[in-house]
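The structure appears below as structure tokens.
The values are calculated or read from the model by the stated rules, or taken from the named source; none is laboratory data. Please read all numbers here as calculations on a predicted model, not as lab measurements. Glycine gets a Cβ as well: all are built from the backbone with ideal geometry, and neighbour counts include every protein chain shown. Just so you know, the surface numbers come from the protein's heavy atoms only, side chains and all, with ligands and any DNA or RNA stripped out. Shrake-Rupley method; radii C 1.70, N 1.55, O 1.52, S 1.80 Å.
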Amino acid sequence: MNPPSVQDPAPHAPRRGRPRKSAQERDESQRRAELLRAAARLFRHQGFDATSTRDIAAAAGMQSGSPFYYFESKSALLYAVMHDGMAMVTQAQAQALQALGPRPTARERLRALIRHHFEVLVGPASDFIPVMLYEWRALTPEQRARIGALKDRYEAAWMPVLGSLRRSGSLRARPEVARLFIFGALNWSVQWFDPRGPLSLDELTEQALRLFLGDR
């Protein structure tokens, strides 16, 4: 009698989603991120013009020519600091709203948006926003248009919240004008907020909420 045939095991189902990165790809991604963090920190504290690629490489623990492996120029680094920063915080903002649950009030949503924006402005990883605010003119017109589109997408999430507050009577200004005032006020906090001072970010958020909507 012939032995029973052994069937080949069924092939593994293909993995869904993006393929896993190799170790080299993960290392390069990490090194690129380190470069961007170093560049953002130096651009913020020294200014774009006063910062060299050699400075950035040294701050990231790399050889002087290493930044050019990842970016063709210092200008490309500046653009990447702003672009990657805006993409990151836009995703984080969406997650902050989702974390509120299925039916948050408009005031709760505005609180979450303000708290998240303060984290972006003055939190531990906050260098890229001041860079974007003060080095905007160093971008090319095309780069400014692309960053502007990301900025518009980030701010667009505020409009339904402000519209709801306006309809309920909690917000007395027109939503599109209120958005400009709110971002102007919040963004200026990078000039005066001291994380070692008397206010935590949660307390600062409550103060901002009372300023925009009053005590309720």
The residue that is modelled with the lowest pLDDT, considering only those in the stretch 188-201 that are in a helix (DSSP H, G or I) and surrounded by 11 or more Cβ atoms within 10 Å (Cβ to Cβ), is VAL190
Determine if the stretch 205-212 includes at least one residue that is of a type in the set (S, T, N, Q) and part of a helix (DSSP H, G or I). yes
ALA38 passes all but one of the listed conditions (1) free of Cβ contacts under 8 Å to residues at least 40 places away in the same chain; (2) surrounded by 20 or more Cβ atoms within 10 Å (Cβ to Cβ); (3) closer than 14 Å to GLU135 by Cβ; the exception is number (3)
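Look through the stretch 97-108, keep the residues that are of a type in the set (Gly, Ala, Ser) and surrounded by fewer than 18 Cβ atoms within 10 Å (Cβ to Cβ), and return whichever of them is farthest from ASP49 (Cα to Cα).
GLY101
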* modelled with pLDDT of 90 or more and outside any loop (DSSP other than H, G, I, E, B), is that true of ALA33? -> no
Note on the stretch 137-161: residues under 19 Å from GLN98 (Cβ atoms), in contact (Cβ under 8 Å) with a residue 40 or more places away in the chain and part of a helix (DSSP H, G or I) are ARG153, TYR154, VAL161
Every listed condition ((1) touching a helix residue (DSSP H, G or I) at 6+ places or on another chain (Cβ under 9 Å); (2) under 18 Å from MET88 (Cα atoms); (3) open to solvent by 60 Å² or more (accessible area, probe 1.4 Å); (4) not hydrophobic (A, V, I, L, M, F, W, C)) holds for ARG111 save (2)
Across the stretch 159-176, the tally of residues that are of a type outside the set (Lys, Arg) and open to solvent by 50 Å² or more (accessible area, probe 1.4 Å) stands at 4
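So which residues in the stretch 69-95 are open to solvent by 20 Å² or more (accessible area, probe 1.4 Å) and more than 9 Å from the chain's Cα centre (by Cα)?
Within the stretch 69-95, TYR69, TYR70, GLU72, SER73, LYS74, SER75, ALA76, TYR79, ALA94, GLN95 qualify.
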GLY214 fails exactly one of (1) open to solvent by 50 Å² or more (accessible area, probe 1.4 Å); (2) at pLDDT below 95; (3) farther than 18 Å from ILE129 by Cα, namely (1)
Per the filter on the stretch 39-66, residues touching a Pro at 6+ places or on another chain (Cβ under 7 Å) and within 11 Å of LEU77 (Cβ to Cβ) are THR53, ILE56, ALA57
So, first residue in contact (Cβ under 8 Å) with a residue 60 or more places away in the chain and of a type outside the set (A, V, I, L, M, F, W, C) in the stretch 62-84, second residue open to solvent by less than 30 Å² (accessible area, probe 1.4 Å) and in a helix (DSSP H, G or I), Cβ within less than 7 Å, six or more apart or across chains; the pairs are HIS83/ILE147; HIS83/LEU150
Going through (1) under 28 Å from ARG137 (Cα atoms); (2) of a type in the set (S, T, N, Q); (3) open to solvent by 80 Å² or more (accessible area, probe 1.4 Å); (4) at pLDDT below 90 one by one, SER66 fails only at (3)
